[in-house]
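Engineer: Quick one: the structure is below, and I'll ask about it shortly.
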Amino acid sequence: MIPEPPPVIAEPQEALEHREANEYLNAAQNLLARGDYEGSLRESQKVLSLLKDQSPADTAIFHMGLVYAHPKNPKKDNKRAIFFFNRVIKGYPDSAWVEQAKIWVGVLDGVEKLKQVDLEIEERKRDRSR
Amino acid sequence: MRLSLFSRLILGYLPVFGLVMAVSLYALRELQRFDDITQSILDRDNRILDYEKKLADSFLSQVRYERKFVITKDQALFREFLKFKSDFEGHLREALEIADSNVAELLSLVKQDYERYQQLFDKEMVQIKGHREYPQGWYTREKNQLTDKILGLLEKVEAERQQGTYNKVRELADAGGRAREGAVTITIASLAFILILSLLIARSINKPISVLKNKTREIAKGRFEADLRLSSPPEIGELAAAFNFMCRKLSELDKVKSDFFASMSHELRTPLTSIKEGTGLLLEGVGGATTEKQRKLLTILAEESNRLIGLVNSLLDLSKMEAGMMNYSFEKASLAPLIKKAVGEITPLIEAKGIQLETEVAERLPTVKVDSERILQALRNLIGNAVKFTPKAGRVKVAARSVTGKIEVSVRDTGPGIAPENLKAIFDKFHQGNSNGAFSVNGTGLGLAIAKHIIVSHGGEIWAENHPDRGSTFTFVLPC
């Protein structure tokens, strides 16, 4: 006699989405570790399309900030990184990533200001040499 | 004071030397000015421009590190800031040392603003070190304003120096133009001065030399008056004195010569004439009957006396001519009768030698101004010479024609001719003209020399030519 398979117990929709979101997040982190920055951003974006205001959306946004701040990313963009870190700070004030996001914003903002100083000085030098 | 030629030349060329020195000194002075201006551009203007760039660079670097330090509070950036601060202050100090008043004024303003900038930053440093909240934006604006001001002043320094360099280059161009005009003016003036001076010196030398030359011509014409009055330059004066001395000596010599000719005429001709006359009388039988042998001897004596008288006369004539003491009495006459007379005189000798004589005198021969006796003497000498050298049964041709304002007379013979090297020397006294010894003819060697003197004294020319076949032609021309 063939035994009967166990009955399928339907998971609640919310739990299913959280599990799926965590899978996307894990994938995003793995892709980042492998240097696939575009893929990592796509996986993070999937998390956001599943969960807008709930955890781990804050982790996904923080992760996207990291991808843009990553020094090896050919599309490294400090301003976009600051934008994502600021979204974590403002959109998820209770998130565990807020403090780290603030540090990143401070560092990247400083870098941008230094860059701005260099640009201004170089422009002045160029003006003088004309 | 009479200046010698040497002194004149030295004194004359001293101003020239002075002018050349003046031109050289002027050129040297202008070159020194060019050098000074060029050096000033290189040493001052270019260095100020260099310092201006260094000041701007070090100040901007200082601003860069100051602003980065304010952002990051990183001490390494502050140390870089201090390094450029030290550079800036060093450059500013060195620039102020070589700057002229205008640039120094601008650099002083730079220094003032820079000190205000430093004071602001020092105050901000106090705030930063105290970790206090402070109006960073206000500090930034103030510092930016001062930065703009300092950089603006440095730009003015650059513009000022560029203008200064431009002005100096223009000054160089103007100075070059002035130097060129000055040099050209001085050179033209020098050349004019040298020309005038040379003319004056040359004139002061030439004038007495010209007087000397004229006096020499007078001496050549036989006027020996010692009347040359030249005292300057001293060298020419001495020459003039020597000339006068020479004239006096020549005059004395001339008198001695005249006395000699007078004496000779008397002392030689008189006894010869006596011998000739005595011999003639003896031949005529005045001294009694003479034997045939005695008559032969007397005839020889008479002929030799005649020959001797002729020789003495020729010698005296030639001497007078050479001494310029022969007197000529010129009057208009036709040469045809003279030729006819000369030919007639020699006819007996021609007939004796069996020579054929031709005469070809052009009709209506113009008259010439001549001393007839002397021209007749020249004709006699030339025809006699031709007959003398023409062998028996030979030919002599005497021709006369008019040739463009002159009368040409030629005597052609069929004698032995003249050696080519003797064609000119044939007219020298005592020159025997037979060429190759085929003819041995006795003669005094004075006839042609006398003929040449006579023709030349008439303003004419005489020459001899050989003929390709045989014989020679003696030709003279006289101006109409």
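The values are calculated or read from the model by the stated rules, or taken from the named source; none is laboratory data. Just so it is clear, the model here is predicted, and its values are computed rather than measured. Positions of Cβ are generated from backbone atoms using ideal geometry, with glycine treated the same way; all protein chains shown enter the neighbour counts. Ligands, DNA and RNA are excluded from the accessible area calculation, which covers all protein heavy atoms including side chains. Shrake-Rupley method; radii C 1.70, N 1.55, O 1.52, S 1.80 Å.
Engineer: Quantify, in whole percent, the carbon and sulfur part of the accessible surface of chain B (1.4 Å probe; protein heavy atoms only). Show your work: numbers first, answer last.
Structural biologist: Details: 15600 of 27670 Å².
Carbon and sulfur: 56 percent of the exposed surface of chain B.
Engineer: Let me ask something else about it. Based solely on its DSSP helices, what 222 nm [θ] is calculated for chain B when runs of n ≥ 4 H residues each add -39,500 (n - 2.57) and the sum is averaged over all residues, nearest 500 deg cm²/dmol?
Structural biologist: On the way: 11 runs with 326 residues, N = 480.
Result for chain B: -24500 deg cm²/dmol, rounded to the nearest 500.
Engineer: With heavy atoms of protein chains only and a 1.4 Å probe, what residues of segment B:55-89 have at least 30 Å² less accessible area in the full set of chains than alone?
Structural biologist: B:60, B:64, B:67, B:68, B:71
Engineer: Counting other Cβ atoms within 10 Å, keep those with at most 16, restrict to DSSP loop, and tell me which GluC sites (Glu not before Pro) in segment B:334-408 are left. Each step should come with its number before you reach the end.
Structural biologist: Numbers: sites: B:345, B:351, B:358, B:360, B:363, B:373, B:408; in loops: B:363.
Those satisfying the criteria are B:363.
Engineer: Where a ≥ b ≥ c are the square roots of the eigenvalues of the C-alpha gyration tensor, would you call segment A:13-128 rounded, which needs a/c under 1.5, or, failing that, prolate if a/b is larger than b/c, or oblate? List each step's numbers first, then the result.
Structural biologist: Details: a/c = 3.47, a/b = 2.05, b/c = 1.70.
It comes out prolate by the Cα gyration axes.
Engineer: With a probe of 1.4 Å, find how much accessible area segment A:13-128 has per residue, and write the answer as a whole number in Å².
Structural biologist: Ligands and nucleic acids excluded, the result is 58 Å² per residue.
Engineer: Using only the Cα atoms of the protein assembly as shown, construct the convex hull and provide its projected area averaged over every direction, in square nanometres to one decimal.
Structural biologist: Working: hull surface 312.2 nm².
Across all orientations, the protein assembly as shown yields a mean hull projection of 78.1 nm².
Engineer: Something else now. So what's the angle, to the nearest 10 degrees on a 0 to 90 scale, between helix B:270-284 and the longest Cα principal axis of chain B?
Structural biologist: 30
Engineer: So which helices of chain A fit the span-like rule, where a helix is a whole DSSP H run, its Cα atoms reach 27 Å or more along the axis, and its mean Kyte-Doolittle is at least 0.0? Numbers along the way, then the final one.
Structural biologist: Values: long enough: A:13-34 (31 Å, -0.95); A:98-129 (46 Å, -0.73).
Correct list, ordered by number: empty.
Engineer: Tell me, what is the 1.4 Å probe accessible area of residue B:292, in Å² to the nearest 10?
Structural biologist: In the full protein context, residue B:292 sits at about 130 Å².
Engineer: With every protein chain present, what accessible area does residue B:326 have (1.4 Å probe, heavy atoms only), rounded to the nearest 10 Å²?
Structural biologist: Looks like 20 Å² after rounding.
Engineer: Taking Cα atoms, how many degrees apart are the long axis of helix B:234-264 and the longest axis of chain B, rounded to 10 and kept between 0 and 90?
Structural biologist: With rounding to tens, the tilt is 10 degrees.
Engineer: At 1.4 Å probe radius, can you tell me the per residue accessible area of chain B in Å²? All intermediate terms of the calculation are to be shown ahead of the outcome.
Structural biologist: Numbers: 27670 Å² over 480 residues.
Value returned for chain B: 58 Å² of accessible area per residue.
Engineer: Give the interface area between chains B and A as buried accessible surface, both sides summed, probe 1.4 Å, in Å² to the nearest 100. It would help to have the intermediate numbers written out before the result.
Structural biologist: Working: alone 28290 and 9220 Å², together 36180 Å².
Chains B and A together bury roughly 1300 Å² of accessible area.
Engineer: Counting Lys and Arg as +1 and Asp and Glu as -1, each charge on the Cβ, what is the dipole of the protein assembly as shown about the Cα centre in debye, to the nearest 20?
Structural biologist: Working: 88 positive and 82 negative charges, 692 e Å.
Dipole size: approximately 3320 debye.
Engineer: Taking the Cβ of residue A:47 as the center, what net charge do the other residues with Cβ under 14 Å away carry, scoring Lys and Arg +1 and Asp and Glu -1?
Structural biologist: Values: positive: A:19, A:42, A:46, A:52, A:87; negative: A:17, A:20, A:23, A:43, A:53, A:58.
Every neighbour counted, the sum reads -1.
Engineer: A follow-up question, please. Whole-Hz ³J(HN,Hα) for each residue in segment B:288-297, computed from phi via Karplus 6.51 cos²θ - 1.76 cosθ + 1.60 with θ = phi - 60°, x for glycine and proline: what do you get?
Structural biologist: My calculation for segment B:288-297 gives x, 5, 10, 6, 4, 5, 5, 4, 4, 5 Hz in order.
Engineer: Turning to a different aspect of this structure: So if I place +1 on the C-beta of Lys and Arg and -1 on the C-beta of Asp and Glu, and nothing else carries charge, what would the dipole magnitude of segment A:13-128 be about its Cα centre? I want it in debye, nearest 20. Present the calculation step by step, with values, prior to reporting the outcome.
Structural biologist: Numbers: 19 positive and 19 negative charges, 110 e Å.
So the magnitude is around 520 debye.
Engineer: Here's something else I'd like to know. To test your reading of the geometry: what angle, between 0 and 90 degrees and rounded to tens, separates the Cα axis of helix B:75-98 from the longest principal axis of chain B?
Structural biologist: Tilt relative to chain B: about 40 degrees.
Engineer: Leaving ligands, DNA and RNA out of it, report the carbon-plus-sulfur percent of the accessible area of chain A at a 1.4 Å probe. Before the final figure, lay out the partial values.
Structural biologist: On the way: 4670 of 8510 Å².
For chain A, the apolar C and S fraction of the accessible surface comes to 55 percent.
Engineer: Additional query: Per-residue ellipticity at 222 nm for chain A, helices alone: DSSP H runs ≥ 4 residues times -39500 (n - 2.57), over residue total, nearest 500 deg cm²/dmol? Write down the numbers at each step before the final one.
Structural biologist: Numbers: 5 runs with 95 residues, N = 130.
Value at 222 nm, helices only, nearest 500: -25000 deg cm²/dmol.
Engineer: Now a separate question. What order do B:472, B:372 take when sorted by accessible area (1.4 Å probe), most exposed first?
Structural biologist: Details: B:472 5, B:372 30 Å².
My answer, sorted largest first, is B:372, B:472.
Engineer: To the nearest 10 square angstrom, how much accessible area does residue A:98 have with a 1.4 angstrom probe?
Structural biologist: Rounded to the nearest 10, the figure is 10 Å².
Engineer: Can you list the residues of segment A:86-114 that have at least 30 square angstrom less accessible area with all protein chains present than in their chain by itself, probe 1.4 Å?
Structural biologist: In segment A:86-114, residues shielded by partner chains: A:114.
Engineer: Probe radius 1.4 Å, ligands and nucleic acids left out: which of B:452, B:68 has the largest accessible area, and how do the rest follow?
Structural biologist: Numbers: B:452 80, B:68 30 Å².
Accessible-area ranking of B:452, B:68, largest first: B:452, B:68.
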